[in-house]
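The values are calculated or read from the model by the stated rules, or taken from the named source; none is laboratory data. Quick caveat: nothing in here was measured; it's all calculated off a predicted structure. Note that we place each Cβ from the backbone using ideal geometry, even for glycine, and neighbour counts take in every protein chain shown.
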Amino acid sequence: MIKIVLLAKYNWLKVRIVTPGFTKTPKLDVFDPRYLEMIQAQNKILTPEEVTRLIKEKMKS
């Protein structure tokens, strides 16, 4: 809804988003491995390098 409003009001403005979800960093060490397995089954847990690649791809388009 917000994106549509922004594009309607500011047609020169391009809005791009990257929503990687969980990222493989030391912060995940505090989670129970069973929880991480459950998350991994639903969505891939990306590395920081993969997130960077996604951002760069979005910036090119």
Seminar exercise, completed: Being at negative phi, in a loop (DSSP other than H, G, I, E, B), at pLDDT 80 or above and not hydrophobic (A, V, I, L, M, F, W, C) narrows LYS14, LYS44, LYS58 down to just LYS44
Exercise. Give me the pairs: first residue in the range 42-61 and more than 13 Å from ILE17 (Cα to Cα), second residue among the charged types (D, E, K, R) and surrounded by 10 or more Cβ atoms within 10 Å (Cβ to Cβ), beta-carbon distance under 6 Å, and six or more apart or on different chains, which are they?
Worked result: ILE45/LYS24; THR47/LYS24
For this session: Hey, can you tell me all the residues within the range 39-61 that are surrounded by 11 or more Cβ atoms within 10 Å (Cβ to Cβ) and of a type in the set (A, V, I, L, M)?
Result: ILE39, ILE45, LEU46, VAL51, LEU54, ILE55
